[in-house]
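Report on the structure given below.
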Amino acid sequence: MRQEIGGGGRPSVGNVALRRRVLLCFWLLAGGGLLWRSVDLQLVQAHEWRAEAERQHRTTGIIPAARGMIMDRAGRSVALSHETFRVSVAPHEVRDTTATVERLSGALGISAAQARAPFQSSRRWVQLQGRFPPGVRDTLAGTRGVYVERELRRFYPHNDLLRGVLGAVIDGQGAGGVEQAFEEELAGTPGSEILARDSQGRPIPGDTWVVEPPRSGGQVVLTLDADLQEIAHQALQQALDETGARGGDLLVTDPRSGEILAMASLKDGASTHLGAINAPYEPGSILKPFTVATLLSTGRATLADSVDAGNGQWRKAGRTITDVHSPGHTDLAHALQVSSNVAIAKVADRLTPAEQYEGLRDFGLGAPTGIDLPGEVAGSLRRPQRWSAQSPASLAIGYEVGVTPLQMAMAYGALANGGTLMEPRIIREVRDSAGRTLQSFEPRAVRRVVSAEVAREITDALVGAVEDGTGGRARLSTFQVAGKSGTSRAHAGGVYEQGAYFASFAGFFPAEDPQLVVFVKLDRPQGEYYGGATAAPVTRATMEAILATHAPPLDRRALASLARRQAIPGGTDGGSNGMITGPAEGIVGPGAGTSRFVARSGPERPPAPDTRTSAGAGFTLPDLAGSTPRGASRHLHGLGLVVEWTGGGSIGATDPAAGSRVSPGDTIRLLGPPGRRVAAGRPSHE
């Protein structure tokens, strides 16, 4: 018998076959699973994984749009987007370091050491310091390891000259001024692009695909004139330096259209705020013409009415109103000219509270003007129901009311244009990026405040205020100026400050046919603080400088006609002094760019003869070489001389030459540097 071997013997043939079958099935199943998974990934889910891979190596970016330009009334850019470029280097990608350094140095205008710095760094990505002009994009195109990125920056060619009006751009958004008010028009439409990303997920500059190009923003055209803005800024700054005032505002407007030609505000040395529209104050005597206009309009008084200012004191409702110098027994016109508090308050007592309130309200006081700038405040003018027994007298002389400089400028514009309050305009047009006009802003009358006859009567009285009253320092030699000064106590926290005042002056000229209104306010001048002494000279200096510009926004034909009428014996003033001379064809409308514009304004008193030179009338002509034409014109105007500006740029010489004997009334030609002089009477540009 055969003996069975069990336990540790060799496995049976059946067991081996079973194991092989199981192993075969396992590998078949595993292979089938892998095959199915590969089919699933490469066919069924292929688009999803391709999209994920694309997402990991590509990212979508925004292409910023160029912000639109802001221009002055003459088309000069005062704000624009400036395209610059950043340059970065990836040192590990560069094959020829020496050649790349030389190319960077030549293209960017930097030293070889600066160009070599990225290659001495252990970083894989180095951005060079500074911003570079657009030309570097083409110069460095195709340079391995060098990447150029576009960047848009807001640029203001006139620096801070218009910053209060323009505002600023912060993080791509307009903040304050025109930038904020017209954000939608200026911003443009961003584009989109696809950028490649490196292994760490960082965008790789230069490796991009534009999906949709950006569309530039539109253009905004201002009513402001950059030259007049510079004049206003300089005149105001000089006034602050001379008077020690903390701040101030100066506006130049066109009373016929309501256009603002210049708006300067300075405070503590900064020009970024806009006190002209957001800093109300009690105006004082500069408001009196509106009180008198209301009296005339309601028939409560005439300028010939007699009023007794007594000894310069009048007690009303427990309060004593005083005059610095009492005019005694006088008429209302003279009382306005010498700014008698007592006389004006006494006559204003004839008005009912409703009449007095409505008269001031009609001139736009205590209400927003509607200017297209953010941040305007309404000021304050309480309704009669909230008045005290002292309020009528206080309001009559410019207290218990808060006004902004812009409100006062527009109110004086109503007197200047014949009695119509205009809405202030600071925007002329909005255009698309190609310069096509989308919207024009036409002059808009708010209301008729007083009749043309009343406006003329008040104007005549204000001429007297400049000729014989408190505004004498605003007087020009030939063209009549109508104006009024004001001095009021300054307050903070509802309490008047001891020895602190606001000084102001508003004037318009020529009084016969007003073309410009100039308003000046000084905040807390030191020493002499009366408006007639501190603010009126600023008005005069501003008018003189405007007349000395190449192309002031004035109707020169009207000025020439008026000057010729005044130069005819027996004419308006019976004299022979003309502010504008020369052939009529040389005096044209605003913006013509001609330099044949001869302006003269006389000093408050003739210059004393120069006794240091040879005997004879007159004085020695100063050396003005190197001066600016505007500064030289203002200096010569102050000497009573006629000025012809026939050159460009800085002054190279004068005709007659410096050191010559001249007399008030002589004509002085300002000549540019030798290489830039032009023939007399020919247009020239500064």
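Read-outs: derived from the displayed coordinates by stated rules, not from any lab. Fair warning: this is a prediction, and the values are worked out from it, not measured in the lab. Positions of Cβ are backbone-derived with ideal geometry, glycine not excepted, and every protein chain shown enters the neighbour counts.
Structure data summary
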| item | result |
| --- | --- |
| Per-residue Cβ neighbour rank within 10 angstrom, fewest leading, V148, V13, V517 | V13, V148, V517 |
| 12 Å beta-carbon shell around A66, net charge (K/R +1, D/E -1) | +3 |
| Net charge of Cβ neighbours under 9 Å - reference G258; Lys, Arg +1; Asp, Glu -1 | 0 |
| Reachable lysines, given that their alpha-carbon falls under 19 Å from the alpha-carbon of K288 and they are not under 8 places away in the same chain | K316, K346, K484, K521 |
| Residues L162, L332 arranged by fewest to most Cβ contacts within 10 Å | L332, L162 |
| Interchain or long-range residues, amide H under 5 Å from A511's placed H | Q480, V481, A482 |
| Placed amide H near H82: partners under 5 Å, 5+ positions off or other chain | R153, R154, F155 |
| Aspartates and glutamates with Cα under 19 Å of K267, excluding same-chain neighbours fewer than 8 positions away | D160, E230, D241, E242, D249, E282, E376, E497, D523 |
| Packing-based exposure ordering (other Cβ within 10 Å, fewest first) of S306, S297, S192 | S306, S192, S297 |
| Label-to-label distance, nm, for residues given as I63 and E83 (7 Å Cα→Cβ offset) | 1.0 |
| Within the range 61-222: Cβ-based charge dipole about Cα centre, in debye rounded to nearest 20 (Lys, Arg +1; Asp, Glu -1) | 480 |
| Counted charge near P289, where neighbours are those whose Cβ lies closer than 13 Å (Asp, Glu -1; Lys, Arg +1) | +1 |
